[in-house]
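What follows is a single structure, written as structure tokens, with notes after it.
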Amino acid sequence: MEPLQLPEGDVVATHPATLTGRILAVLMLMLPGGALIWAATQAQGTRADARIPLIAAGVTLVILGILALVQQNRSQVVVRADGLERWGLRGRLWALRWADMIELRYRAVKVRLYHVIPVGTTIYITLTDPHGKKHRVPSNMKAMDILAERIADQQTAVRFSEARAIIDRGEEVRFGKALIVDREKLSARKLFGGYKSCPITDIEKVAVENGFLRIRQRGKLLGFGGGNIGSIPNVFLFLRLLDSLIGRASAIPQDRQFAAQRSVG
């Protein structure tokens, strides 16, 4: 197994961790730890052997809180012209070139307070290298929506030419178990196994709505196929490949964007 080459291009952007993790470290670890230590030292008439467990627990929480603060201070994702780097407490944790991102899985979840009030969107991205190893991009990076778009755009651009060449040779491109594309047709997995097919020329509309990919076939009342975009590997490559095969702007509206607010569920 040959080692992968590290990205060496110019730094395009750096995305550090948000303040959320540091605030939680203080509130959930350091403050409770300090309170335990203070309570143990202020207890009058309590035997030393009874105070020791409280002090030990408090010190442990404070130490964990400090480590969490340091880790979050060093946590960042560096975007280079030819790839991506993930940095943390132990330095560079992993690095991948765009060409080595064989598979991208994307999922965006709208966070709601009390299940009603929207308070934000959490984006999850996992990258798989040629050796089958998965690399997770932390969801608490600053400007995560911009970072996700950069990753998806670059990974899709690099893999598109290869995928289109496969199609032009008369072969098929698979997107997990959900979808199969070739030059003549699109195949979608049935609910109880097997696949159903739709000629490329019969595809009427493709849309991403509320975190789901929806494909409509001309003349059919029910949707042809699709599914949760988090379950479809390289979903943005699929969309671009289908755009190129259909070649009709009216079939896939130009206002369908990557933006998280159009892809959350």
| request: List, in order, the whole-Hz ³J(HN,Hα) value for each residue of the range 73-79 obtained from phi through the Karplus relation with A = 6.51, B = -1.76, C = 1.60 and θ = phi - 60°; use x for Gly and Pro. | output: 5, 9, 6, 6, 10, 9, 9
| Translational diffusion coefficient (Stokes-Einstein; Kirkwood radius from C-alpha pairs) of the chain at 10 °C, 1.306 mPa s, in µm²/s | 74 µm²/s
| Taking the Cα centre of the chain as origin and charging only Cβ (+1 Lys, Arg; -1 Asp, Glu), how large is the dipole, in debye to the nearest 20? | 780 debye
| query | Could you work out Rg/(2.2 N^0.38 Å) for the range 114-249, with Rg from alpha carbons only? | reply | 1.14
| request: Against the globular-protein guess of 2.2 N^0.38 Å, express the Cα radius of gyration of the range 143-205 as a ratio, rounded to two decimals. | output: 1.36
| Around Glu103, which amide H atoms from residues at least 5 apart in sequence, or from another chain, sit under 5 Å from its own amide H, with H modelled in the peptide plane? | Thr128
| request: Towards the positive end of the charge dipole of the chain, with charges on Cβ (+1 Lys, Arg; -1 Asp, Glu), say which of Trp87, Val26, Gly193 has the farthest Cα. | output: Gly193
| message | Per DSSP helix of 4 or more residues, -39500 (n - 2.57); summed, then divided by the residues of the chain. What does that give at 222 nm, rounded to the nearest 500? | response | -10500 deg cm²/dmol
| message | A 30 angstrom limit on the alpha carbon distance is what I want to check against. Which of Lys142/Lys185; Lys177/Lys205; Lys142/Lys190; Lys142/Lys205; Lys110/Lys177; Lys134/Lys220 exceed it? | response | Lys142/Lys185; Lys142/Lys190; Lys142/Lys205; Lys134/Lys220
| Over the range 71-140, equivalent-ellipsoid semi-axes from the Cα gyration tensor in Å | 26, 16, 10
| message | I'd like the Kirkwood hydrodynamic radius of the range 7-96, using the inverse of the mean 1/r over distinct C-alpha pairs, in Å. | response | 15.3 Å
| field | For peptides 231-243, 53-65, sequence by mean Cβ density within 10 Å, most packed first | value | 231-243, 53-65
| What is the helix-to-structure angle for 144-168, meaning the angle in degrees between its Cα long axis and the longest Cα principal axis of the chain, kept from 0 to 90 and rounded to the nearest 10? | 30 degrees
| field | Note, ³J(HN,Hα) from phi for the range 223-239, Karplus 6.51, -1.76, 1.60, rounded to Hz, x at Gly and Pro | value | x, 6, x, x, x, 4, 5, x, 9, 10, x, 6, 4, 6, 5, 4, 4
| field | Dipole magnitude of the range 1-151, debye to nearest 20 (Cβ charges: Lys/Arg +1, Asp/Glu -1, about Cα centre) | value | 480 debye
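Coordinate-derived values only; no laboratory data. Being a predicted model, the structure only gives us computed values, none of them experimental. Note: ideal-geometry Cβ built from the backbone for every residue, glycine included; neighbour counts use all protein chains shown.
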